[in-house]
Amino acid sequence: MADGGIPSFKAADLVIELSSTPKPKRDDPAFGNVFTDHMLTIEWSASEGWQAPLIKPFGNLSLHPACSSLHYAIQLFEGLKVYRGDDNQLRLFRPMLNMSRMSNTAERACLPAFDQSEFLECIRRLVELDQDWVPHSDSGSLYIRPTFLGTEQSLGVKKAANALLYVILCPVGSYYNSEAGCLSLWADPKYTRAWKGGTGNFKMGGNYGCSLFAQYEAADHGCQQVLWLYGEDHQITEAGTMNIFLYWINEDGEEELATPPLDGIILPGVTRQSIMELTRKWGEFKVTERYLTMSQLCSALKQLRVKEVFGSGTACMICPVGHILYQGENLHIPCQDKNSQLASRIAKELMDIQRGRTPSDWTLMV
Ligand code: COI
């Protein structure tokens with residue numbers, strides 16, 4: 001039993017098996033293709049509970065062909081990053097928000113609970129061990145991918161009686177090719193990413209796998225990502241794998257930064273939350289969680305009230321949108337030079353926190 005009363009593994013029981021064949025390090029490779037020397041695994045079974053956490057050389061998993069995550073997507077993941085500062089210190093950005101979201105997703109997936117602080121400490125130890133893999137460049141970071149799988153060897157559709165929690169690490173550069181400039185989005189109500197009562201507000205792999213078909217249709221229309229719409233009134237919900245923000249002069253003539261509310265179909269993004277908290281602290285304009293529809297956006301564009309649209313997420317951080325293809329019309333979104341963008345100002349302030357240039361309690365030292 002860990003502190004907090006939840007039956008859990010403990011970081012103090014961590015067993016470490018070192019790799020005897022460390023790989024050459026790479027700064028800034030393409031997102032998610034290169035992995036570090038070690039991984040963390042923690043097994044659970046209904047009969048025996050949690051086993052001791054193990055850090056071992058990075059390698060393949062061995063899964064039974066009837067493994068429940070492979071058949072019924074009893075699976076979830078998280079994404080967070082560790083940054084190297086100018087002072088060479090390593091900082092995790094708001095990791096407890098990821099731990100808490102992961103616990104919520106585990107509950108929704110009927111996977112077992114664990115102590116969030118104990119898990120974070122195990123992750124911290126893994127990052128500490130593979131610290132030389134954290135890129136030195138300002139555009140690079142080490143992406144942490146906690147993953148949780150149902151591993152029961154049974155085709156019955158039921159709560160998994162066996163599960164595997166594991167963490168892998170990859171050095172990453174920018175998520176999108178920065179040469180590409182502002183993103184283009186394909187907005188068509190034909191596909192739905194999430195619906196009320198579904199799992200769109202949880203970080204489950206199935207949400208992402210199901211989005212691929214639409215993503216390729218967006219590409220057929222010459223766009224880079226899907227702008228996910230919802231309902232008869234074509235509510236704007238998310239862009240690709242990102243939350244979305246509209247910076248505009250609203251219907252009442254107020255300067256406003258708006259993003260859709262967490263009503264069950266929006267992923268509660270850590271970057272999303274940080275952008276709202278940061279800009280509210282500035283106190284320079286209204287910051288709102290509110291419904292936004294395509295017709296409101298189209299009217300605002302006609303009346304030149306739109307200042308910027310941008311997506312946010314851990315992988316890409318902040319990504320300005322330049323075009324939205326909607327009902328056969330290519331809507332041009334103002335996407336000015338980098339110095340005048342709100343998106344760039346927010347990205348810089350977040351980066352200054354992540355790299356330790358601005359002291360903040362949002363970071364946890366490794
Ligand atoms: C994120 O940006 O947080 C993501 O989850 C993107 C990931 C699916 C690659």
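Within the stretch 109-136, the set of residues being more than 19 Å from residue 53 (Cβ to Cβ) and in contact with a Leu (Cβ under 8 Å, 6 or more places away or on another chain) comprises 109, 133, 134, 135. Restricting 219, 187 to those that are open to solvent by less than 30 Å² (accessible area, probe 1.4 Å) and modelled with pLDDT of 95 or more reduces the list to 187.
With respect to residue 294, determine if the residue is under 22 Å from residue 79 (Cα atoms) and open to solvent by less than 40 Å² (accessible area, probe 1.4 Å).
Working: under 22 Å from residue 79 (Cα atoms): no; open to solvent by less than 40 Å² (accessible area, probe 1.4 Å): yes.
It is false that residue 294 is under 22 Å from residue 79 (Cα atoms) and open to solvent by less than 40 Å² (accessible area, probe 1.4 Å).
Exactly one residue among 42, 55 is hydrophobic (A, V, I, L, M, F, W, C), closer than 23 Å to residue 124 by Cβ, at pLDDT 95 or above and out of contact with any Phe, Trp or Tyr (no Cβ under 8 Å at 6 or more places or on another chain), and that residue is 55.
The set of residues from the stretch 207-250 being assigned to a strand (DSSP E or B), more than 14 Å from the ligand (Cβ to nearest atom) and among the polar types (S, T, N, Q) comprises 235, 237. The single residue among 52, 12, 46, 66 that is open to solvent by less than 20 Å² (accessible area, probe 1.4 Å) and more than 25 Å from the chain's Cα centre (by Cα) turns out to be 66.
If only one of 97, 92, 76 is within 16 Å of the ligand (Cβ to nearest atom), assigned to a helix (DSSP H, G or I) and in contact (Cβ under 8 Å) with a residue 40 or more places away in the chain, which one is it?
On the way: 92 fails: assigned to a helix (DSSP H, G or I); 76 fails: assigned to a helix (DSSP H, G or I).
97 is the lone residue from the list that is within 16 Å of the ligand (Cβ to nearest atom), assigned to a helix (DSSP H, G or I) and in contact (Cβ under 8 Å) with a residue 40 or more places away in the chain.
In this structure, is residue 303 open to solvent by 30 Å² or more (accessible area, probe 1.4 Å), out of contact with any helix residue (DSSP H, G or I) (no Cβ under 6 Å at 6 or more places or on another chain) and within 16 Å of the ligand (Cβ to nearest atom)? No. Kindly establish whether residue 195 is at pLDDT 95 or above, of a type in the set (Phe, Trp, Tyr) and surrounded by fewer than 14 Cβ atoms within 10 Å (Cβ to Cβ). Yes, satisfied.
Looking only at residues in the stretch 251-269 that are over 24 Å from the mean Cα position of the chain (by Cα) and under 17 Å from residue 334 (Cα atoms), which one is farthest from the ligand (Cβ to nearest atom)? Only one residue tops the list, namely 255.
All conditions in (1) at pLDDT 95 or above; (2) surrounded by 15 or more Cβ atoms within 10 Å (Cβ to Cβ) hold for residue 281, with the sole exception of (2).
Scanning the stretch 314-332 for residues that are assigned to a strand (DSSP E or B), near the ligand (Cβ under 10 Å from one of its atoms) and farther than 19 Å from residue 219 by Cβ yields one hit, 317.
The values are calculated or read from the model by the stated rules, or taken from the named source; none is laboratory data. All values reported here derive from a predicted model rather than from experimental measurement. No Cβ is skipped: glycine too gets one built from the backbone with ideal geometry, and neighbour counts run over all protein chains shown. For the accessible areas, the whole protein counts, side chains as well, though only heavy atoms, and no ligand, DNA or RNA atoms are used. Shrake-Rupley method; radii C 1.70, N 1.55, O 1.52, S 1.80 Å.
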